[in-house]
1. Given Cβ point charges of +1 (Lys, Arg) and -1 (Asp, Glu) and nothing else, what value in debye, to the nearest 20, does the dipole of the chain about its Cα centre take?
2. With a point put 7 Å past each Cα toward its Cβ, work out how far D249 is from E268 in nm, to one decimal.
3. Arrange the following residues from fewest to most other Cβ atoms within 10 Å of their Cβ: I80, I433.
4. Name the helices (complete DSSP H segments) of the chain with a Cα length along the long axis of 24 Å or more and a Kyte-Doolittle mean of at least 0.0, or state none.
5. Taking H as built 1.01 Å from N, whose amide H comes closer than 5 Å to the amide H of V153, not counting residues under 5 places away?
6. Do the sum for the chain: with -39,500 (n - 2.57) for every DSSP H run of n ≥ 4, divided by all residues, what is the mean residue ellipticity at 222 nm, to the nearest 500 deg cm²/dmol?
7. Just the number, please: percent antiparallel of the DSSP beta bridges in the chain, rounded to the nearest 5.
8. How big is D for the chain, in µm² s⁻¹ as a whole number, if Stokes-Einstein is applied with the Kirkwood radius of its Cα pairs at 10 °C and 1.306 mPa s?
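Derivation of every value follows stated rules applied to the coordinates shown; laboratory data play no part. What you are looking at is a predicted structure, and each value in this text was computed from that prediction instead of being measured. Here the Cβ positions follow ideal geometry from the backbone for every residue, glycine too, while neighbour counts run over all protein chains shown.
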Amino acid sequence: MCGRERTPRYAKGRARPQSVRARRGGDAFGDTLRDDVTRPDDYDEVPYEDRPVAETHPDRLHRVARAAGLPIAPPERARILELGCAHAVNLLPIAAALPGARVLGIDRSARQIERARHDVAAVGLTNLEVRCADVMDLDLGGERFDYVIVHGVLSWVPDAVRDRVLSLCATVLDAAGVAYVSYNAMPGWAVGDGVRRTLRELVGDGPATERVAEARAALAWLRGASPDPEVVEAVLLDQELAELEHRTDAYLLHEYLVPDGRAYWLREFVALAEQAGLAYVDDVARVGLDDAERQVLEDRVAARTSDPIARAQLFDVLAHRRFRASVLAHADAPRVADRRPHGRSRVPAVASIPARPCVSVLARFEAEHRGFVTTPEHACAPVDPFVACVVARLDGTRTEGDLVAALTDDLRSGRLRADAPLAAIEPALPRLIHGALERLRAEGLLLPP
Ligand SMILES: C[S@@+](CC[C@H](N)C(=O)[O-])C[C@H]1O[C@@H](n2cnc3c(N)ncnc32)[C@H](O)[C@@H]1O
């Protein structure tokens with residue numbers, strides 16, 4: 001679920017957001033075993049492909065909270081909770097960057113939590129705990145949190161779970177804390193929801209993998225059966241269908257085959273939050289517009305109405321917004337006059353490549369097992385197999401010459417496969433490795449010696 005907003009335009013094949021659903025299931029840890037289990041949890045059958053989401057990082061939420069005058073705890077000694085954390089892929093880099101913070105991830109899927117536990121141990125994090133539990137009967141024993149993250153959950157669960165998630169946020173949130181809650185937004189999600197409902201009509205109720213196969217066949221039929229797109233609605237539908245052809249099984253299943261998928265107008269979401277005792281503070285999702293375009297729209301809606309929610313909702317109409325990541329606080333949260341963020345001193349980026357380059361244990365783990373690394377800005381930076389091999393060896397013991405020798409060995413043994421003949425690649429290795437190191441340095445991933 002990285003960056004779920006897209007620029008509204010009538011072009012095919014553009015990248016798009018991700019998400020969820022919910023159906024009750026049992027789990028191996030016994031926290032949520034239920035009598036009404038009739039089938040395995042879809043997330044156990046086809047696990048979610050979670051990614052770090054920059055907007056959820058407490059550094060980002062801290063700035064938003066401070067701008068609103070909330071005396072929130074600084075991230076470096078905060079208590080951070082994520083509900084629906086999947087494999088905790090988002091929480092691992094947060095916990096690694098904030099060793100003084102207490103971080104807790106909750107998810108109902110036993111399979112995902114089992115892998116998250118394994119990964120936490122592999123990276124050696126002691127401040128991140130993951131727990132397998134259903135939010136419907138989650139008991140946090142009175143523990144309070146400064147930051148609560150709920151990403152990709154609200155729009156994909158039954159109303160009762162949605163309401164419970166919001167009331168849980170209110171219960172566990174510290175007086176000056178903030179909750180990040182993302183959801184599919186109207187009006188942009190309308191076409192997607194039409195496709196979701198159509199697929200639900202055309203797909204049976206079998207195991208998850210069978211439903212995905214049926215959905216792919218249904219999508220192909222829909223595209224073929226649709227008349228040539230001559231009206232704008234048909235263009236939008238065609239674009240939605242075309243994009244889905246390239247999506248993974250996990251995405252198709254958890255975004256489009258969810259029984260309870262629902263998008264919200266901002267005013268609806270704000271009303272639900274208010275029922276739980278929470279107030280809307282701001283939104284941190286990207287909107288797919290550049291700053292100038294965004295400013296033009298903001299000025300137009302500001303000239304039309306002074307009500308902040310009406311303004312934001314009108315903006316959503318003009319921007320054809322399909323995803324929101326709203327920040328909430330207690331309706332009666334304390335406010336202070338000083339709105340400056342408390343600066344956090346980061347590990348300084350190195351000015352040049354050290355003699356024996358080193359990245360964090362987490363970066364090495366991510367490169368080796370996930371095909372990406374999380375940047376200091378908490379963004380997901382994909383790495384190809386070549387760069388992954390370089391990163392996996394950056395433990396501060398090897399010079400660039402050692403890296404060249406190690407990758408030569410990888411190529412000759414077949415551990416690293418190359419498209420071109422080895423005779424052509426080997427002479428280029430020092431340059432390629434130096435280029436990869438320079439990119440890692442520029443992204444702030446190389447640690448000071
Ligand atoms: C689409 S995934 C989102 C994962 C992650 N937050 C992200 O966006 O990358 C939704 C997650 O919510 C979890 N979930 C759904 N209903 C839940 C419930 N009632 N209690 C706990 N977790 C739940 C699912 O198991 C799944 O891992």
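1. Details: 59 positive and 68 negative charges, 199 e Å.
Taking the Cα centre of the chain as origin, the dipole is about 960 debye.
2. Label at D249, label at E268, 3.2 nm between them.
3. Working: I80 27, I433 22.
Ordered from fewest to most neighbouring Cβ atoms within 10 Å, I80, I433 come out as I433, I80.
4. On the way: long enough: 208-225 (25 Å, 0.11).
Qualifying helices: 208-225.
5. Amide H neighbours of V153: S182.
6. Working: 16 runs with 180 residues, N = 449.
After summing the helix terms and dividing by the residues of the chain, the value is -12000 deg cm²/dmol.
7. Values: 16 of 35 bridges.
The antiparallel fraction comes to roughly 45 percent.
8. On the way: Rh = 23.6 Å.
Result for D is 67 µm²/s.
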